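K.L.:
Mind looking over this structure? Questions follow.
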Amino acid sequence: MNTVDVVDVVDPVLRVACAQVPVDVEHPRMAYSAVSEAVSAAAQAGAALIVLPEMVNSGYHFADTDEAWSLAELVPGPWTTLLSRLSTDHGVVIVAGLAERGTDGKLYSASVVVDAGDTVGVFRKAHLWDAEHRYFTAGERATLVVETSIGRVATAVCYDIEFPEMVRAAAEEQADVLAAPVNWPLRTGPEGALPGGWPIEVHKVVAHAADYRIPIAVADRCGHERGEEFTGGSIIVGHDGVPLAGPHIVRPARPALLVADLGNVGDRRLSDHNHALTDRRPDLYPVRADEQP
């Protein structure tokens, strides 16, 4: 694991790390050592919050529901035990994406927040992408915000953060940072030829961070899995939408550790007379009658 970025800001409030590690559905235990090494390296770099990819415990491209069920696990379970130990040993908060086997007999793409050895929050992905509908059940809540030892940490999973309302929900609940585990498949062709060589998902993260004045830390994965190549688009964006660390889009995507200091967390002001949330005029663009408020 190489540290590809360590970026300092003036008057830092929170140092955050995103660990881009390889995950493989056919060799899921491989991620145990990769995650342990990444968390150790991030802690040595001074990170207080460490974000890991989506479904880091299982991989992504399941052959069928039976395989997805066999690789998912209960929360608490073996992976939360590992994360609990790492959190305690290194004195950090960890946000990780897990394939969760719910006690209700359903599968979820979850994000867990672990602080001081305890699982203090579990979020279930609300917006499922493509084949995920075959295996997973969508969560029924907006972005989760948890009070932790380092501040108010929000989390959502992958496709969730492409919906600006999910990011706004985190900002409205006074989150200091939004931590997002993702699995971004590599796109080729015209849709991949975007400014800076960045995928569209990265541009959305930058825009949403600036829209709602909230830092966003995205941990993507790397590697190939059953013919699918992943982007490796991990990025840490400041509250003003400026990328502080990453993305480093290379093919093939490689393991990486991004570390950045966040400043002005919780400040939604745009100027002396403007505010990212209170300037909204919902009276001019009300919710449609067929939508829930």
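K.L.:
Using beta carbons and a limit of 8 Å, which pairs, at least six apart or on different chains, have the first residue in segment 226-243 and under 22 Å from Glu26 (Cα atoms) and among the acidic types (Asp, Glu) and the second one outside any strand (DSSP E or B) and at pLDDT 85 or above?
P.N.:
The qualifying pairs are Glu228/Tyr60; Glu228/His61.
K.L.:
Further question: Looking at segment 151-162, which of the residues that are out of contact with any Lys or Arg (no Cβ under 9 Å at 6 or more places or on another chain) and on the phi < 0 side of the Ramachandran plot is modelled with the lowest pLDDT? Please lay out each step first, then the result.
P.N.:
Taking segment 151-162 first, the residues out of contact with any Lys or Arg (no Cβ under 9 Å at 6 or more places or on another chain) are 151-155.
Those left that are additionally on the phi < 0 side of the Ramachandran plot: 152-155.
Numbers: Arg152: 94, Val153: 97, Ala154: 97, Thr155: 98.
Top of the filtered list is Arg152.
K.L.:
Is it the case that segment 102-121 has a residue that's of a type outside the set (S, T, N, Q) and within 30 Å of Arg280 (Cα to Cα)?
P.N.:
Of the residues in segment 102-121, the ones of a type outside the set (S, T, N, Q) are 102, 104-108, 110, 112-118, 120-121.
Narrowing the set further to residues that are within 30 Å of Arg280 (Cα to Cα) leaves 121.
Looking for residues that are of a type outside the set (S, T, N, Q) and within 30 Å of Arg280 (Cα to Cα), one finds at least one in segment 102-121, hence yes.
K.L.:
Looking at segment 25-44 only, could you name the residues that are in a loop (DSSP other than H, G, I, E, B) and surrounded by 15 or more Cβ atoms within 10 Å (Cβ to Cβ)?
P.N.:
Within segment 25-44, Val25, Pro28 qualify.
K.L.:
Please identify the pairs in which a residue from segment 250-262 that is without any contact (Cβ under 8 Å) to a residue 12 or more places away in the chain has its Cβ atom under 8 Å from the Cβ atom of a residue that is of a type outside the set (D, E, K, R), counting only partners at least 6 apart or on another chain.
P.N.:
From residues that are without any contact (Cβ under 8 Å) to a residue 12 or more places away in the chain, there are no pairs.
K.L.:
Can I ask one more? Among the numbered criteria (1) touching a helix residue (DSSP H, G or I) at 6+ places or on another chain (Cβ under 6 Å); (2) crowded, with 21+ Cβ neighbours inside 10 Å, which one does Glu162 miss?
P.N.:
(2)
K.L.:
How do the pairs read when you match residues in segment 88-106 that are more than 19 Å from Ile161 (Cβ to Cβ) and surrounded by 24 or more Cβ atoms within 10 Å (Cβ to Cβ) with residues anywhere that are at pLDDT below 95 and of a type in the set (D, E, K, R), using Cβ under 7 Å and keeping only pairs 6 or more apart or on different chains?
P.N.:
Pairs found: none.
K.L.:
Another question about this same structure. Among (1) of a type in the set (Ser, Thr, Tyr); (2) within 22 Å of Arg15 (Cβ to Cβ); (3) at pLDDT below 95, where does Thr148 come up short?
P.N.:
Here Thr148 meets the rest and fails (3).
K.L.:
Are any residues in segment 217-267 under 17 Å from Gly97 (Cβ atoms), modelled with pLDDT under 95, touching a Leu at 6+ places or on another chain (Cβ under 9 Å) and in a strand (DSSP E or B), and if so, which ones?
P.N.:
Of everything in segment 217-267, those that are under 17 Å from Gly97 (Cβ atoms), modelled with pLDDT under 95, touching a Leu at 6+ places or on another chain (Cβ under 9 Å) and in a strand (DSSP E or B) turn out to be Glu228, Phe230.
K.L.:
May I pose another question? Would you please name the residue that is surrounded by the fewest Cβ atoms within 10 Å (Cβ to Cβ), looking only at residues in segment 245-265 that are more than 20 Å from Glu225 (Cα to Cα) and hydrophobic (A, V, I, L, M, F, W, C)?
P.N.:
Ranking the qualifying residues of segment 245-265, first place goes to Val265.
K.L.:
Now for a different question. Tell me which residues, restricted to segment 17-47, are of a type in the set (Gly, Ala, Ser), farther than 24 Å from Leu178 by Cβ and touching a residue at least 60 places away in the same chain (Cβ under 8 Å).
P.N.:
Taking segment 17-47 and keeping what is of a type in the set (Gly, Ala, Ser), we get 17, 19, 31, 33-34, 36, 38, 40-43, 45-47.
Retained after the next criterion (residues that are farther than 24 Å from Leu178 by Cβ): 33, 36, 40.
Across segment 17-47, there are no qualifying residues.
K.L.:
When only residues in segment 269-293 that are in a loop (DSSP other than H, G, I, E, B) and at pLDDT below 70 count, which is nearest to the chain's Cα centre (by Cα)?
P.N.:
Kept after step one, since they are in a loop (DSSP other than H, G, I, E, B), are these residues of segment 269-293: 272-273, 276-293.
When the remaining residues are screened for being at pLDDT below 70, the result is 276, 287-293.
Values: Ala276: 22, Val287: 28, Arg288: 30, Ala289: 32, Asp290: 30, Glu291: 27, Gln292: 26, Pro293: 26 Å.
The residue in question is Ala276.
K.L.:
A follow-up question, please. For segment 204-220, enumerate the residues that are among the charged types (D, E, K, R), surrounded by fewer than 22 Cβ atoms within 10 Å (Cβ to Cβ) and under 14 Å from the mean Cα position of the chain (by Cα). Spell out the reasoning first.
P.N.:
Step one: filter segment 204-220 for residues among the charged types (D, E, K, R), giving 204, 211, 213, 220.
Checking which are surrounded by fewer than 22 Cβ atoms within 10 Å (Cβ to Cβ) leaves us with 204, 211, 213.
Within segment 204-220, just Lys204 meets the criteria.
K.L.:
Against the definition (in contact with a Phe, Trp or Tyr (Cβ under 8 Å, 6 or more places away or on another chain), modelled with pLDDT of 95 or more and not charged (D, E, K, R)), how does Leu186 come out, yes or no?
P.N.:
Numbers: in contact with a Phe, Trp or Tyr (Cβ under 8 Å, 6 or more places away or on another chain): yes; modelled with pLDDT of 95 or more: no; not charged (D, E, K, R): yes.
Considered against the rule, which asks whether it is in contact with a Phe, Trp or Tyr (Cβ under 8 Å, 6 or more places away or on another chain), modelled with pLDDT of 95 or more and not charged (D, E, K, R), Leu186 comes out as no.
K.L.:
Filter segment 5-22 down to residues that are part of a strand (DSSP E or B) and modelled with pLDDT of 80 or more, then give me how many there are.
P.N.:
The first filter runs over segment 5-22 and keeps only residues part of a strand (DSSP E or B), leaving 5-7, 14-20, 22.
Adding the requirement that they be modelled with pLDDT of 80 or more leaves 14-20, 22.
Final tally of qualifying residues: 8.
The values are calculated or read from the model by the stated rules, or taken from the named source; none is laboratory data. Values in this document were obtained by computation on a predicted structure and should not be read as measured data. Positions of Cβ are generated from backbone atoms using ideal geometry, with glycine treated the same way; all protein chains shown enter the neighbour counts.
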